[in-house]
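Enquirer: Got a structure for you, questions after.
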Amino acid sequence: MTPLLREIRHNPLLWLLVFVPAMFAAHKLKAEAHTLLFTLSVLAIVPLAALLSHATESVAAETGDAVGGLLNATLGNLTELVIALAALRAGQYTLVKSSIAGAIVTNTLFMLGASFLLGGLKHHTQEYNRVSARLQAGLLFLATVALLVPSAVSHADSTDTTAFLQKLSVGLSVLLIIAYGLGLVFSLKTHREIFGSTAHEEGEEAPWPMGLALATLAGVTVLVALVSEVFVESVQGAALQLGMTQAFVGFIVVALVGGAAEMASAFSGARKNRLDLSVGIALGSAAQIALFVAPVLVLLSYVMGPTPMSLQFWPGAVVMMLIATMTASLVTNSGRSAWFVGVLVLMVYLIFAMTLYLLPPRVQ
Amino acid sequence: MTPLLREIRHNPLLWLLVFVPAMFAAHKLKAEAHTLLFTLSVLAIVPLAALLSHATESVAAETGDAVGGLLNATLGNLTELVIALAALRAGQYTLVKSSIAGAIVTNTLFMLGASFLLGGLKHHTQEYNRVSARLQAGLLFLATVALLVPSAVSHADSTDTTAFLQKLSVGLSVLLIIAYGLGLVFSLKTHREIFGSTAHEEGEEAPWPMGLALATLAGVTVLVALVSEVFVESVQGAALQLGMTQAFVGFIVVALVGGAAEMASAFSGARKNRLDLSVGIALGSAAQIALFVAPVLVLLSYVMGPTPMSLQFWPGAVVMMLIATMTASLVTNSGRSAWFVGVLVLMVYLIFAMTLYLLPPRVQ
Amino acid sequence: MTPLLREIRHNPLLWLLVFVPAMFAAHKLKAEAHTLLFTLSVLAIVPLAALLSHATESVAAETGDAVGGLLNATLGNLTELVIALAALRAGQYTLVKSSIAGAIVTNTLFMLGASFLLGGLKHHTQEYNRVSARLQAGLLFLATVALLVPSAVSHADSTDTTAFLQKLSVGLSVLLIIAYGLGLVFSLKTHREIFGSTAHEEGEEAPWPMGLALATLAGVTVLVALVSEVFVESVQGAALQLGMTQAFVGFIVVALVGGAAEMASAFSGARKNRLDLSVGIALGSAAQIALFVAPVLVLLSYVMGPTPMSLQFWPGAVVMMLIATMTASLVTNSGRSAWFVGVLVLMVYLIFAMTLYLLPPRVQ
């Protein structure tokens, strides 16, 4: 247990763990205080996500390249998956979808842009391996196409459309998971030499012993699940009380909360002039959500949700994902960066955030 | 006549020629057996397309660089043109347009993607001349813009729109043909040195003597025209009986049939590590259909069709062509390829094929 | 005063100055002759724009790098700003917007394409600094995203939408101006070494003395303002009489007139194999209009216009700006050019011009 305690002592982010019991206490006492519960659950998820991320990396480090890469690639966004599952079980498909779309856009734009900016403020120009960035951008492009097609077709309102969208969503989900799997084979196995040693550098802190890592993984996942349930319960009421649109909460707030731990790693990598690491986390995480988390949720909705969930997104969300993918493609094309590149990418994110914040409720 | 017979003996594809008389016999006996006639006509067109393609190359090889390039560039998609003309004369504009759009998308995604995949399964990484790929992608981009603009404007339904679209279609068709012609001047004349010797390598097999080539060209064109007529007649009934949407048949089946001969060449080039050849055939063929075949059909509809045909496509088709062009641009940007690049491109094609296959009839 | 007279004697463009008094005289005598006044005001604006441009450069040359760059970057499109202000004060927001969108599209496609073509007809291939082109393309992309988002959202017609669009427009305008300012800091200050000496080369002719330059700047701005008022007054009537749609006049005619002076510089640079200069003027000017002139007009509409103006554009205009930005990105990606690249870019422009010319009035 010592490494866990040492970790907590050295990592100020983990001091937020105090909000986990605080939230459960508050939920017992005042179940209808939406804004309080929303704030506490947000504060509680951040350190849990950090623990989950560290435990996953520790297990991955112990199990060797192939299995480790696979673990990182499937459990890397466990927090997002667990939050989305809580919303799925509650039948809140709008929240599920906006948090998926928001995580893709936030990772692609905010995490990448802020990494470029923070790195660029310290280093005049920075270089990184663009082969890896291109693979992730290619996967993201594929996912965007898969999300665009059902939305592009579905405006023709007929009774057939629902059944069509449902069948298509299942088919597309399977395709995306296969593409993601083949991408792992490509980058971890057949062509791993061109992707550099990025994966290894990630585990900067000393890895935990296997037993502790597995126990943490299991225990914290349960905690995240419990906290997420309160979060999903309170989010709508809180949004109303705080005067924020639900689109803004799902897209921006949930995405920033769920990705907080990864952002800390990405930003620290950028400051240390290891932009390979930052770009890999940002785009890799976005690709994972788009090609693994989202399709898995669609398939799981058949067993866990009240009704099947489709892959059809609100057109505005599709446009934002499309623009985010294009931005990532354009920006990572040269393999070089300076502070202004970060500004450009962040500005695109700010445009989205501002639009969602001001959006009148009915338009969503 | 010997080279023709030798060709037939050595090329198993040509054994399908037996389906040509079979189809005519079937048409005489059971004119209403749509599915049978559809299948037989598909099987008959494939070897005829291969013969047509070989004859065109033989004539081109004999007539020297400039004229030969021009011939290849105008007659290279003679099969597609003849099929489309049969549909045009029958006034089946939906079929004409979906077969044009399908040929562009299938060549850009399926032919290119499968070449990358087949080549990549044999060779670790492959390189090709990206200057040529860029020219073709640029031409495709121009064509996509030309097809996007009338569709983007026409949703405003007013009586003026039809006349406007008709005038605009003629103007855009002339523009596209001029752009295609100038592209030929650029790549065959003023800047041919940067395009490498790709054009020469194409004629792998020994060319036929001029007389035989010309006779084959004439004779087979007539046969394709006759077979196409039965094909166009039977396609709608067959689609209904086979449970396939008309969009799927036009987009996918017709395009795969019309391009079978070129695909054989492109795939064989990729296996032999001559990816220049494969990329040239795939994108060159797509550009030719978009900037030459499609505009020629619009202009011919004034003399041959029951009413003038516009360049306005079903919005879904425009989106697919746009995505196909973007995919080609992104993918050929680096001039290098590995098997997973092929997977990505094929996945985009599969998304389209799946969507079209599941599409409820009314939505089209 | 001698340098001004010498300039006029040597620059045939400036002989058009005779149309300035001619127009004022005509306006006094026949205020309702719309087509005449429109033609005269167009002819009068061209030489005034050239004078304005030379005066700005002279002031910039005298004031050193940072201030000079800033001046060029803010006053470089003074003509467009003054014309748009005249339309703004008259409450003709459709004209304001179509002239903004038209200036962006015309600079990006016509000025860039014609530079490539004219340069390519003289030189086999040309190279230029693509870092600078990429920065401008990035800024244009950001502006396009800012214009796309309100239009993408606003089709949901509710009473809330107007207020939402108004607030969003102000916010986006401020964001764009900040991005433009940071872009100047980046290219003129922190990273100016990678942008080469393009800025210095621009002032080819001997600069005027400070006093004369400032006096010209002030005097000619007033003249442009006066001429613009007649222009704005007459443009609608003239369009009607000439059988041109208002969209065509705003998009194409006003944009070509306002940019005539810059086009002369860009084309002359391309002929002299200084494509850096041409690309810099074309894309730099487009970026300036998109990120500085347009947002300033939105903010000024609160003090000068009859009602606030939003950043929401006609969807067709957004599509055209998006395509123009994509074209510029694709084309400047390689840093090399030949004549056919110019043809491709001009063809995209011709497609737009043809569509706008044929557009039935109601569809706009």
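Enquirer: For chain C, what is the per residue volume of the convex hull drawn over the alpha-carbon atoms, in cubic angstrom?
Expert: Dividing the Cα hull volume of chain C by its residue count gives 131 Å³.
Enquirer: Set the Förster radius R0 to 41 Å, insert the Cβ-Cβ distance between A:K189 and C:I194 as r into 1/(1 + (r/R0)^6), and round the FRET efficiency to 0.05. Numbers along the way, then the final one.
Expert: Details: r = 38 Å, r/R0 = 0.94.
In this case the efficiency is close to 0.60.
Enquirer: Quick check for you: with a 1.4 Å probe and neighbouring chains kept, what is the accessible area per residue of region B:212-364, in Å²?
Expert: Computed with neighbouring chains in place, this is 31 Å² per residue.
Enquirer: Rounded to the nearest 20 Debye, what is the dipole magnitude of the protein assembly as shown about its Cα centre when Lys and Arg each give +1 and Asp and Glu each give -1 at the C-beta?
Expert: On the way: 51 positive and 54 negative charges, 35 e Å.
Charge dipole of the protein assembly as shown: 160 debye, to the nearest 20.
Enquirer: Select the chain C residue whose beta carbon lies nearest to the rotation axis carrying chain C onto chain B, and write the distance in whole Å.
Expert: C:N333, 4
Enquirer: Oh, and also: Tell me the label-point distance for the pair B:L121, C:T2, using the 7 Å Cα-to-Cβ offset, in nm and rounded to one decimal.
Expert: About 8.2 nm, to one decimal.
Enquirer: Would you please give the FRET efficiency between A:S268 and C:L299, computed as 1/(1 + (r/R0)^6) with r the Cβ-Cβ distance and R0 = 45 Å, to the nearest 0.05?
Expert: On the way: r = 39 Å, r/R0 = 0.86.
Efficiency, rounded to the nearest 0.05: 0.70.
Enquirer: With a 1.4 Å probe on protein heavy atoms only, tell me which residues of region C:287-333 lose at least 30 Å² of accessible surface in the complex relative to the chain by itself.
Expert: By number: C:V319, C:I323, C:M326, C:L330, C:N333.
Enquirer: Once C and B are treated as a pair rather than alone, how much accessible area drops out, both sides summed, in Å² to 100, probe 1.4 Å?
Expert: 2700 Å²
Enquirer: Mind grabbing the accessible area of C:L256 for me, 1.4 Å probe, Å², rounded to tens?
Expert: Accessible surface of C:L256 is approximately 60 Å².
Enquirer: A follow-up question, please. Among B:T332, B:G120, B:L71, whose Cα lies farthest out toward the positive end of the dipole of chain B, if unit charges sit on the beta carbon of Lys, Arg (+1) and Asp, Glu (-1)?
Expert: With unit charges placed on the Cβ atoms, the residue in question is B:G120.
Enquirer: Kindly report the accessible area of region C:60-101 per residue (heavy atoms of protein chains, probe 1.4 Å, no ligands, DNA or RNA), in Å². If you can, show how the numbers build up before the last one.
Expert: Working: 1480 Å² over 42 residues.
Result: 35 Å² per residue.
Enquirer: Okay, next question. Any idea what the A:L70 label distances to the other copies are, label 7 Å down the Cα→Cβ vector, nm, shortest first?
Expert: Distances to the matching label points in the other copies: 6.0, 6.0 nm.
Enquirer: May I ask you to report, in nm to one decimal and beginning with the shortest, the distances from B:L242 to the same position in the other copies, taking label points 7 Å along Cα-to-Cβ?
Expert: Ordered by increasing distance: 5.5, 5.5 nm.
Enquirer: For label points placed 7 Å from Cα toward Cβ, what is the shortest-first list of nm distances from A:L299 to its copies?
Expert: Here A:L299 shows inter-copy label distances of 5.2, 5.2 nm.
Enquirer: Would you please calculate the Kirkwood hydrodynamic radius of region C:163-321 over all C-alpha pairs and express it in Å, rounded to one decimal?
Expert: One decimal place: 18.7 Å for the Kirkwood radius.
Enquirer: Of the cross-linked pairs A:K122/C:K189; B:K97/B:K167; B:K97/C:K97; A:K272/C:K189; A:K189/B:K272; A:K97/A:K272, which ones have a Cα-Cα span greater than 26 Å in the structure shown? Walk me through the intermediate numbers first.
Expert: Values: A:K122/C:K189 16 Å; B:K97/B:K167 18 Å; B:K97/C:K97 35 Å; A:K272/C:K189 24 Å; A:K189/B:K272 24 Å; A:K97/A:K272 35 Å.
Checking Cα-Cα distances, B:K97/C:K97; A:K97/A:K272 exceed 26 Å.
Enquirer: What's the Kirkwood radius of the protein assembly as shown in Å, using all Cα pairs?
Expert: Details: mean 1/r = 0.0320 Å⁻¹.
One over the average 1/r among Cα pairs gives 31.3 Å for the protein assembly as shown.
Enquirer: Work the Kirkwood hydrodynamic radius out for region B:1-128: mean of 1/r over every pair of different alpha-carbon atoms, inverted, in Å.
Expert: Result for region B:1-128, one decimal place: 17.3 Å.
Enquirer: Given the options B:L135, B:L109, B:L275, which has the most mean-square fluctuation in a GNM of chain B, springs set between C-alpha atoms less than 10 angstrom apart?
Expert: Comparing B:L135, B:L109, B:L275 in a Gaussian network model of chain B, the most mobile one is B:L135.
Enquirer: How large is the charge dipole for region A:18-139, taken about the Cα centre, if only the Cβ atoms of Lys, Arg (+1) and Asp, Glu (-1) carry charge, to the nearest 20 debye?
Expert: That gives a dipole near 340 debye.
Enquirer: How much accessible surface does A:I194 have with a 1.4 Å probe, in Å² rounded to 10?
Expert: Counting only protein heavy atoms, the figure is 60 Å².
Enquirer: How long are the semi-axes of the ellipsoid equivalent to region A:305-348, from square roots of 5 times the Cα gyration tensor eigenvalues, in whole Å, largest first?
Expert: Semi-axes from the Cα gyration tensor: 31, 11, 9 Å.
Enquirer: Return the distance in nm (one decimal) between the two label points of a simple spin-label model at B:V18 and C:A218, each offset 7 Å from Cα along Cα→Cβ.
Expert: About 9.6 nm separates the two model spin labels.
Enquirer: A further question follows. Just counting partner chain Cβ atoms within 10 Å, what average do the residues of peptide A:347-356 show around their Cβ?
Expert: Average neighbour count from other chains, rounded to a whole number: 6.
Enquirer: At 1.4 Å probe size, with the rest of the protein present, what percent of the exposed accessible area of region C:70-162 is carbon and sulfur atoms?
Expert: Working: 1720 of 2940 Å².
Looking at region C:70-162 in its full context, I get 59 percent from C and S.
Enquirer: Hey, another quick one. Calculated FRET efficiency, B:E32 and B:A90, Cβ-Cβ r, R0 22 Å, to nearest 0.05?
Expert: The computed FRET efficiency comes out at 0.85.
Enquirer: Moving on to the next point. Once the Cα gyration tensor of region A:220-296 is found, what semi-axes does its equivalent ellipsoid get, as square roots of 5 times the eigenvalues, in whole Å, sorted largest first?
Expert: Result for region A:220-296: semi-axes of 27, 15, 13 Å.
Enquirer: With charges set only on the Cβ (+1 for Lys and Arg, -1 for Asp and Glu), what does the dipole of region B:198-331 come to about its Cα centre, in debye to the nearest 20?
Expert: That gives a dipole near 220 debye.
Enquirer: Using the C-alpha atoms of region A:238-361, what convex hull volume per residue, in cubic angstrom, is computed?
Expert: Dividing the Cα hull volume of region A:238-361 by its residue count gives 137 Å³.
Enquirer: Another one. Return the carbon/sulfur percentage of the accessible area of region A:270-364, one whole number, probe 1.4 Å, all protein chains in place.
Expert: Roughly 65 percent of what the probe reaches on region A:270-364 is carbon or sulfur.
Enquirer: Now for a separate question. In region C:173-194, which residues become less accessible by 50 Å² or more once every protein chain is in place, relative to the chain on its own, using a 1.4 Å probe?
Expert: The answer is C:L175, C:L182, C:F186, C:H191 - residues whose exposure falls by at least 50 Å² when every protein chain is included.
Enquirer: Oh, and also: On a C-alpha basis, how far is the centre of region A:63-119 from the centre of region C:228-248 in Å? Whole number, if you could?
Expert: 54 Å
The values are calculated or read from the model by the stated rules, or taken from the named source; none is laboratory data. Just so it is clear, the model here is predicted, and its values are computed rather than measured. Counting neighbours? That spans all protein chains shown, and the Cβs are built from the backbone with ideal geometry, glycine included. For accessibility, only protein heavy atoms count, side chains too; no ligands or nucleic acids. Shrake-Rupley method; radii C 1.70, N 1.55, O 1.52, S 1.80 Å.
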